[in-house]
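Beneath this line is the structure, given in structure tokens, with notes to follow.
Please treat every number below as a calculation from the coordinates, not as lab data. Keep in mind that what you see is a predicted model, and the values were worked out from it rather than measured. Positions of Cβ are backbone-derived with ideal geometry, glycine not excepted, and every protein chain shown enters the neighbour counts.
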Amino acid sequence: MAKQKILIAGAGLGGLVAALALLRDGHEVQVFEQAKQLGEVGAGLQLSANATRVLSLVGVDEAVRAVASVPAGKQVRLWSTGQVWKLFDLGQESIAEYGHPYYTLYRPDLHAVLADAVRRLAPEALVLGAKVAGFDQTGEGVTLELEDGRRFSGDLLVGADGVHSRVRQGLFGPDAPTFSGCMAWRGVIPAAKLPEHLRAPVGTNWVGPGGHVIHYPLRRGELVNFVGVVERSDWKVESWTSAGSTEECAGDFPGWHEDVHTLIRSIQQPFKWALMVREPMRQWTVGRVTLLGDAAHPTLPFLAQGACMAIEDGAMLARCLRETPDAQQALRRFQDARVERTTRIVQGSAANTKRFHNPALASAQGAVEYVDREWNEARV
Ligand code: FAD
């Protein structure tokens with residue numbers, strides 16, 4: 001197809017990977033990001049082989065490997081006694097099985113790699129401090145309007161502006177999420193503050209009644225990421241930047257193993273995020289405008305696949321534009337190619353809430369039987 005001028009709202013992981021894939025195909029791309037600088041969210045991320053494969057396709061595999069951690073495997077631990085169950089191997093296993101590695105990454109590091117790669121291909125492509133307010137489309141093109149009144153025109157618009165997407169709102173009106181009943185504590189810990197067994201190169205899922213905790217190494221073992229999810233209904237703000245206190249976080253895990261409290265005490269600054277549920281959309285392309293990543297299919301984080309899906313979307317969007325003669329048809333094809341897979345992720349993540357927080361985990365004997373049964377089944 002003829003090369004397009006493509007406007008992207010949002011320079012999150014999805015927007016940047018899409019920009020990279022589209023630039024490599026020769027399209028003209030501009031990415032509008034509300035933040036004044038990139039990578040402000042200091043949190044961790046697990047990326048499985050489906051996503052690292054795409055990072056390799058867009059040419060950043062070496063740069064990503066330089067800042068990633070490679071966990072050897074995953075384990076489950078019991079909230080009360082700390083008992084450990086080995087879950088599965090990653091490391092070489094991921095490469096042998098899927099051809100690509102499993103990485104855990106500090107978001108600002110991955111952001112920096114992707115933004116550098118975009119700037120190398122198109123030095124002016126990233127427009128920072130640019131909050132998208134709305135857009136118009138006609139048969140001929142799209143006009144994007146920023147909050148400060150600046151306007152930009154192009155052939156196509158991609159809303160990669162996350163869970164509170166303005167572009168989605170412009171297409172379909174305000175959404176109506178329901179509260180999941182859970183909130184997530186998250187924070188990053190300098191590994192040097194932790195005893196050796198808590199900075200081992202493995203991903204750990206602690207399971208308990210009404211909560212779970214996940215931790216894994218970042219930045220080649222310099223940092224450890226902490227996510228602690230609890231059933232709590234007095235916090236309903238869905239934001240990367242709402243700060244909480246260490247005492248409040250510790251108070252949400254009464255009676256949990258000392259290792260969990262050692263992690264909590266070592267977090268530099270705990271943040272809290274209310275987990276919201278949205279019905280999967282069946283359609284997110286209208287004419288010259290489409291959505292990707294959390295803007296299109298926001299998900300609970302219980303399969304660690306939200307960013308992986310956003311990254312896959314970027315590559316798939318570029319491929320559909322490459323292989324379809326008509327641009328609007330390409331955007332519809334992109335949506336149709338992604339709906340089923342992303343819906344399965346949204347539904348599977350929601351189903352995992354029950355598995356992680358099952359009441360059977362409350363009693364010592366019930367917990368051991370439950371983990372033996374549930375995670376052996378999960379492995380099959
Ligand atoms: P975002 O990363 O949200 O990026 C959107 C971008 O758009 C941001 O830069 C934002 O500033 C910008 N923006 C927003 N509005 C505007 C506007 N009006 N104008 C201009 N710019 C705008 N996923 C995984 O794959 N693995 C994990 O381990 C994992 N762990 C998670 C843990 C937690 C606690 C949470 C909450 C999520 C987790 N996720 C994980 C999910 C993952 O974070 C998201 O799915 C992913 O960030 C979505 O990427 P995105 O690019 O679509 O959106």
Could you work out how far helix 13-24 tilts from the main Cα principal axis of the chain, as a 0 to 90 degree angle to the nearest 10? 40
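Antiparallel versus total DSSP beta bridges in the chain: what percent is that, nearest 5? Show your work: numbers first, answer last.
Working: 50 of 69 bridges.
Rounded to the nearest five, the antiparallel share is 70 percent.
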Taking the chain as the reference, fit the longest principal axis to its C-alpha atoms, fit the long axis of helix 327-356 to the helix C-alpha atoms, and give the angle between the two in degrees, 0 to 90, nearest 10. 10
Dividing the helical contributions, -39500 (n - 2.57) per DSSP H run of n ≥ 4, by the residues of the chain yields a 222 nm value, nearest 500 deg cm²/dmol, of -11000 deg cm²/dmol
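Consider all pairwise Cα distances in the chain and report the whole-number % of them above 38 Å. If you can, show how the numbers build up before the last one.
Values: 12988 of 72010 pairs.
That tail contains 18 percent of the Cα-Cα pairs.
Please work out how much length the chain gains when fully extended from E140 to E248, using 0.36 nm per residue of separation minus the C-alpha to C-alpha distance, in nm with one decimal. Walk me through the intermediate numbers first.
Working: separation 108, 0.36 × 108 = 38.88 nm, distance 5.37 nm.
Stretched fully, the E140-E248 segment lengthens by 33.5 nm.
Taking N as the number of residues in the stretch 181-321, what is its Cα Rg relative to 2.2 N^0.38 Å? Please list the in-between numbers first.
On the way: Rg = 17.4 Å, N = 141, 2.2 N^0.38 = 14.4 Å.
For the stretch 181-321, the normalised Cα radius of gyration is 1.21.
Kindly state, as a whole number, the per residue volume in cubic angstrom of the convex hull around the alpha carbon atoms of the stretch 119-217. Don't skip to the end; give the middle numbers.
Values: hull volume 20.8 nm³, N = 99.
In the stretch 119-217, the Cα hull volume divided by residue count equals 210 Å³.
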When ranked by the protection proxy of mean other Cβ atoms within 10 Å per residue, highest first, what sequence do the peptides 361-368, 68-75 form? 68-75, 361-368
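Please work out how much length the chain gains when fully extended from Q268 to A35, using 0.36 nm per residue of separation minus the C-alpha to C-alpha distance, in nm with one decimal. Don't skip to the answer; put the middle values down first.
Details: separation 233, 0.36 × 233 = 83.88 nm, distance 2.25 nm.
In short, 81.6 nm is gained.
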Given the chain, what count of lysine pairs have C-alpha atoms under 23 Å apart, with each pair 8 or more places apart or on different chains? 11
Out of the GluC sites (Glu not before Pro) in the stretch 267-341, which ones are loop residues according to DSSP with at most 13 other C-beta atoms within 10 Å? none
Restricting to the stretch 1-93, what percent of DSSP beta bridges are antiparallel, rounded to 5? 50
Karplus-derived 3J(HN,Hα), 6.51/-1.76/1.60, for each residue of the stretch 45-52, Hz, glycine and proline x: 7, 9, 10, 7, 4, 4, 7, 5
Given a Förster radius of 51 Å and the C-beta distance between A2 and T81 as r, what FRET efficiency does 1/(1 + (r/R0)^6) yield to the nearest 0.05? 0.20
